[in-house]
Amino acid sequence: MLNENIKTIRKSRGLSQEELAVRLNVVRQTVSKWENGLSVPDSVMLISISEALDTSVSTLLGETAAEPEADDLKVISEKLEAINLQLAQRKTGRRKMLHWLLICLCGVIVIIFAVLMKLGSPYAGWNYKDPETAVFGAVFHAFEYLFVRIAPIILTGAMIGIFLTRKKG
């Protein structure tokens, strides 16, 4: 089995006996003897062979190394197709989630605008001699000021995002 595996893997890597021999610092006849079952490499050489052929020692010793067949390529292509489908579904799912998050953001902005319009400026009549009222009034006024200035920009960006993430087709 070892002899067959060395030969099969060497050929699948596109190496001649001579090229493998050069990589292992042995003569070509030694590689030929291994492949014909006339001799067996020692454990140190077995590790060197596995490194030269870029395979595991267990593959060399026990597992049958078969050349790839058309069925193997078909299985690989089917797996790649399944992976591509999963990636496409994940991308679609993320786009949908982003789309709905942008819609929710627009809704929240509109609701905050409506609440601010309904409240007017309640802090205008507050007694600012009380420190707690003064701090709360200043914070509320700063929020309102910043919101009224920044929210239209965010709302516009969110609406553009909704347009760009809509389902196409």
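Every helix of 4 or more DSSP H residues in the chain counts as -39500 (n - 2.57), and over all residues that averages to -25000 deg cm²/dmol at 222 nm. Each residue in M117, M97 was given a count of other beta-carbon atoms within 10 angstrom of its own, and listing them fewest first yields M117, M97.
For the chain, the percent of C-alpha pairs falling in each 10 Å distance bin, counted from 0 to the bin holding the largest distance, reads 8, 20, 12, 10, 9, 9, 10, 10, 8, 3, 0. Residues of the stretch 135-169 with an amide N closer than 14 Å to a point placed 7 Å from the Cα of A88 along the Cα-to-Cβ direction: 168-169.
Restricting the trypsin sites (Lys or Arg not before Pro) of the stretch 87-133 to loop positions (DSSP other than H, G, I, E, B) with no more than 11 neighbouring Cβ atoms within 10 Å leaves K129. By other beta-carbon atoms within 10 Å, ranking L15, L80 with the fewest at the front produces L80, L15.
Between I76 and L2, what FRET efficiency comes out of the Förster formula 1/(1 + (r/R0)^6) with R0 = 25 Å and r the beta carbon distance, rounded to 0.05?
Computed FRET efficiency for L2 and I76: 0.35.
Temperature 10 °C, viscosity 1.306 mPa s: under these conditions the Stokes-Einstein estimate for the stretch 71-164, based on its Kirkwood radius over C-alpha pairs, is 92 µm² per second. Which of the helices in the chain meet the span-like rule: DSSP H, Cα axial reach of 20 Å or more, Kyte-Doolittle mean at least 0.5? Helices meeting the criterion: 70-119, 131-164. Rounded to two decimals, the Cα radius of gyration of the stretch 1-53 over 2.2 N^0.38 Å is 0.96.
Every read-out reported here was derived from the displayed coordinates using simple, explicitly stated rules and does not represent laboratory data. In this text the structure is predicted, and so the values were computed from the model without any measurement. For neighbour counting, all protein chains shown are included, and Cβ atoms are generated from backbone atoms with ideal geometry for every residue, glycine included.
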